[in-house]
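Student: Okay, handing you the structure first.
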Ligand code: 3YP
Ligand code: ZN
């Protein structure tokens, strides 16, 4: 098994400003803070653990590249791409669109490198240079819509990679599995009426964006059934996520039979995250990873690309990333040093209300569009 890996020091230079979660504003009571909640140090620490643990010696480094305008425009509008490019030239930068997604001067270069890096990993997996891969990019992308950024996201890296897979690499059916604790609204919107892209998001029920990722959102037009939301109850732990993996994620991917699986890999369902209230540990992320790997083996020749999204605990995200990439690569180099703290907490066992939610989503599985005989190979 060869696993691709990608990180660029430039991702660690994404400037999230002097605010905390909101921009500093004394009149609103928002104090400045040295580390914004989405400060890139969390992801830089994940990269450094991957190096220090020795895992990097088992991985194949894939070279980052910048997305071209043509590639960005497969998802985003010209006006939006131009606005981000322009604000990136300003001495104090700008905002992706919602007033809580500040970026510094030069952010366009960083965000375009992130989108291009998601493409580069997809190309490496598509060409068979590596069997699967993890693109540790920053900033995240999964909230970004064609004409605006949102929730710390500028360009929708995963959606751009999916479009590239289809339009440049000739890959027909793409499944996007989003396990960031927040809803993957961007891909849901971009591919809503597209039956050739399955979007499956498992997230904390109504966490962010507001009223997004509801059970009832199942796609539109021809794409009806190819959008699956699993809004997990607040407080869900390893048992609930493992039950969802086995009852919904695995079977949904089996039904859809993609030629490529992209994962929007957020580690913010973790038990220590400041921006959500779930209880997932490395045990849960390992099961999720095994589930998508098995699905990729079934229909996609193992082709699986993970792209980094959120995750805000500088303490625990590095271990979550390590366990995920260890699983991808089929090696084990270091124990989860935090599991003694988070693994024994109450709440990991599947609870009836969590099972009921997952079972309800499972009733949608027969509506997932099947691969037709003509398209199979
Ligand atoms: C954006 C503002 C409050 C929650 C936050 C979510 C960012 C994120 O990790 N999205 O996946
Ligand atoms: Zn998130």
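Student: Looking at the chain only, what percent of DSSP beta bridges run antiparallel? Nearest 5 please.
Tutor: Antiparallel: roughly 15 percent of the beta bridges in the chain.
Student: Assuming R0 = 35 Å, can you tell me the calculated FRET efficiency for the pair residue 22 and residue 77, based on Cβ-Cβ distance, to the nearest 0.05?
Tutor: 0.85
Student: With a ≥ b ≥ c the root eigenvalues of the C-alpha gyration tensor of region 1-159, is it rounded (a/c under 1.5), prolate (a/b larger than b/c) or oblate?
Tutor: Verdict is oblate for region 1-159.
Student: Just to confirm my numbers, what's the Cα centroid distance between region 1-64 and region 66-124 in Å?
Tutor: 17 Å
Student: Which of rounded, prolate, oblate describes region 50-100, given a ≥ b ≥ c as roots of the alpha-carbon gyration tensor eigenvalues and a/c under 1.5 marking rounded, otherwise prolate only if a/b is larger than b/c?
Tutor: Prolate.
Student: Now, a different point. So what's region 236-377 giving for Rg/Rh, alpha carbon basis, Kirkwood Rh from the mean inverse pair distance?
Tutor: Looking at region 236-377, the ratio lands at 0.99.
Student: Answer rounded, prolate or oblate for region 127-274, using the Cα gyration tensor with square roots of eigenvalues a ≥ b ≥ c: rounded when a/c is under 1.5, else prolate when a/b is larger than b/c, else oblate.
Tutor: Taking the square roots of the gyration eigenvalues as a ≥ b ≥ c, region 127-274 is rounded.
Student: Determine the percent antiparallel among the DSSP beta bridges restricted to region 94-212, to the nearest 5.
Tutor: Once the DSSP bridges in region 94-212 are tallied, antiparallel ones form about 45 percent.
Student: Follow-up. How high is the relative contact order of region 147-272, given as a whole-number percent (alpha carbon pairs under 8 Å, six or more residues apart)?
Tutor: About 30 percent, as a whole number.
Student: Further, regarding this structure: How big, in percent, is the set of alpha carbon pairs in the chain lying more than 40 Å apart?
Tutor: 7 percent
Student: Please build a GNM for the chain, connecting alpha carbons under 10 Å apart, and tell me which residue among 342, 305, 358 fluctuates the most.
Tutor: Comparing 342, 305, 358 in the GNM, the peak value goes to 342.
Student: Taking the Cα centre of each part, how many Å lie between region 302-316 and region 211-242?
Tutor: First find each Cα centre; the distance between them is then 19 Å.
Student: In deg cm²/dmol, rounded to 500, what helix-only [θ] at 222 nm does the chain give when every DSSP H run of at least 4 residues adds -39500 (n - 2.57) and the total is split over its residues?
Tutor: -10000 deg cm²/dmol
Coordinate-derived values only; no laboratory data. What you see is a predicted model; the values in this text were computed from it and never measured. Counting neighbours? That spans all protein chains shown, and the Cβs are built from the backbone with ideal geometry, glycine included.
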